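The values are calculated or read from the model by the stated rules, or taken from the named source; none is laboratory data. On a predicted model such as this, the values are computed, not experimentally measured, just so you know. Please note: Cβ atoms are built from the backbone with ideal geometry, for glycine as well, and neighbour counts cover all protein chains shown. Note: areas computed on protein heavy atoms with side chains; ligands, DNA, RNA excluded. Shrake-Rupley method; radii C 1.70, N 1.55, O 1.52, S 1.80 Å.
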Amino acid sequence: MQMSQKHKMSYDSSRFSIEPAQNLGSCCFLQSGNLDYYSSSDNGSHATYPSVCIFEQYCTLESSTNNNFPSLNSPSTVSFSPNNSPVSKLQSKPNVLSSQNSLEIVNESLENKSFLTLNDDELRHKIRELESAMLGHDTDILDTYDTIIPEESDSFLKEAERWKRMMEMISRGDLKEMLCTCAKAVAGNDMETTEWLMSELRKMVSVSGNPIQRLGAYMLEALVARLASSGSTIYKVLKCKEPTGSELLSHMHLLYEICPYLKFGYMSANGAIAEVMKEESEVHIIDFQINQGIQWVSLIQAVAGRPGAPPKIRITGFDDSTSAYAREGGLEIVGARLSRLAQSYNVPFEFHAIRAAPTEVELKDLALQPGEAIAVNFAMMLHHVPDECVDSRNHRDRLVRLAKCLSPKIVTLVEQESHTNNLPFFPRFVETMNYYLAIFESIDVALPREHKERINVEQHCLAREVVNLIACEGAERVERHELLKKWRSRFTMAGFTPYPLNSFVTCSIKNLQQSYQGHYTLEERDGALCLGWMNQVLITSCAWR
């Protein structure tokens, strides 16, 4: 059964949910505490992400099982009546004119002398005394309101105008603007505006809608998670059904097939390695994040067809928990798979597994051998390594310097072209939205919106990154992308020089780009290749030596 294309989302302080708009019968409801979390991590830092069941299930997502959404009971100066007209909630000011003070004058007069016995002159005198006293109080009233009314009125009008602009924004249905306004309210700790905008946003986002509606669903959940955890813990959410390792791997493989991003990075890096190693008889590739080992399939096939005897290939791979979970086992699974492939192509092969995190590796762990030519591969992993913004030891630069100490013939770098490392929350929110919206748009071209696997691909492969970028801070935020110019600075300072990709590699990448439908772009910048979607560069690939 396919998932209904129309969903709505509900939010009750701590809960964010995605539910079918019409068919609530095909549902399963989650309760906090009776299901296990599903989590995945990079480099030891856990990150979890939302999941939606798409087969006869109703999934309620809850951000942070230990914390409820903050109570939003702060007093307001402006609210809106049912007809959306602003209504003041200003507290009434104490009366400046006290009736008791005026009556005291009269009572005093009554006690001293009866008005009935006063002659005309005395009566007029007493009346003037009473008028003077009363006029004096009126003057105080006027002076007081001269100072109070303009200030309160100005504040009221500004607040009313702000809410009017937000009402107009909602009526326009500009989801991007609303998400940004909500994020700005979160950044400014404006809880009343945040709660109101979240209640409006939940009506507009949908995991089966257009690209911004789908991305908006995960960004809204990330904002809820940020408030629930105050940015101090990794976002956690219950799942209807925890996917098996093979299911997660199938999601990753589908993304690999429908979008060229990873394939572009792997192909360009392999082309550079094959070019520089064409005369070598022994090649040692050190891959700091080997994942499923899929990158090296095409390289083994390529060297097998080299004139003369193929070189001996030795691959050293580092593991990570996400990949280990996806493959349902450790690196020995990758080594066995690549060994069988190499044997089928008559390529001498050896696999060396390192189970330490890249931040803990030392030179002696790499087991270098005399006479081998070394290639170091940093494919989509350095942005997970903490730098000086997080850790004084600056593991990011340390790994680049470690690579330089190996005297490699080539170092390949593939990274997402995004600036999220040290940006404050709100600019990072905008950067995340613009970047991932381009990816969601490209998926929209590749897969129909009703495709049953599209939701799983976006949730398991992309939503986790979005939530980590928005909901987490400090060491718990493991998604820390940098732009190409920053990577250039790091590699140059370590003593590397650029190694431009040759024309054959560039031509192969262009052929790859043309095999995908959509608005993909490819350009070369100072020896680096940049793959993008329309005007948004998404992936950069470069080589160093």
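Compared with the alpha-carbon gap, the fully stretched path from T521 to V430 is longer by 30.5 nm at 0.36 nm per residue.
Backbone phi angles across the range 454-463, fed through the Karplus curve with coefficients 6.51, -1.76 and 1.60 (θ = phi - 60°), yield HN-Hα couplings of 5, 4, 4, 4, 5, 6, 7, 9, 10, 4 Hz in residue order; Gly and Pro are listed as x. Counting only protein heavy atoms and using a 1.4 Å probe, the accessible area of I455 comes to about 10 Å².
Largest to smallest in accessible area, the residues M493, M167, M191 fall in the order M493, M167, M191 (1.4 Å probe, all protein chains included). Within the assembled protein chains, the solvent-accessible surface assigned to L254 is about 40 Å², based on a 1.4 Å probe.
About its Cα centre, the range 338-426 has a charge dipole of approximately 220 debye under the convention of +1 per Lys or Arg Cβ and -1 per Asp or Glu Cβ, with nothing else charged. When S503, S206 are compared by accessible area at a 1.4 angstrom probe, the order from most to least is S503, S206. Rolling a 1.4 Å probe across all protein chains gives Y499 an accessible area of roughly 40 Å². The slack in the chain from A356 to K278, taken as 0.36 nm per residue of separation less the alpha-carbon distance, amounts to 25.0 nm.
Placing +1 on each Lys and Arg Cβ and -1 on each Asp and Glu Cβ, with no other charges, gives the range 401-545 a dipole about its Cα centre of roughly 680 debye. For the range 474-545, the relative contact order is 30 percent, taking Cα pairs closer than 8 Å that sit 6 or more residues apart in sequence and dividing their mean separation by the residue count. Non-local amide H neighbours of I374 (under 5 Å, H modeled in plane, Pro and chain starts lacking H): which ones? Long-range HN contacts for I374: H284, K409. For the pair the range 482-505 and the range 412-469, the centres of their Cα atoms are 24 angstrom apart.
In this structure, the amide hydrogen of W533, modeled 1.01 Å from its nitrogen in the peptide plane, lies closer than 5 angstrom to those of T521, L538, counting only residues at least 5 positions away or on a different chain. Ranking V347, H383, Q416 by how far each Cα lies toward the positive end of the dipole of the range 347-419 (charges on Cβ) leaves V347 at the top.
Backbone phi angles across the range 502-510, fed through the Karplus curve with coefficients 6.51, -1.76 and 1.60 (θ = phi - 60°), yield HN-Hα couplings of 6, 5, 5, 5, 4, 5, 5, 5, 5 Hz in residue order; Gly and Pro are listed as x. With contacts defined as alpha carbon pairs under 8 Å and 6 or more residues apart, what's the relative contact order of the range 257-358 in percent? Averaging sequence separation for qualifying contacts and normalising by length gives 30 percent for the range 257-358. Summed over the residues of the range 257-394 and divided among them, the accessible surface reaches 39 Å² per residue at a probe radius of 1.4 Å. Rolling a 1.4 Å probe over the protein heavy atoms of the range 312-368, with every protein chain left in place, gives an accessible area that is 52 percent carbon and sulfur. The percentage of C-alpha pairs in the range 415-518 whose separation is greater than 19 Å is 61%. With all protein chains in place and ligands, DNA and RNA left out, the 1.4 Å accessible area ranks S392, S155 as S392, S155, largest first.
Taking every protein chain into account, the accessible area of the range 416-545 amounts to 38 square angstrom per residue (probe 1.4 Å).
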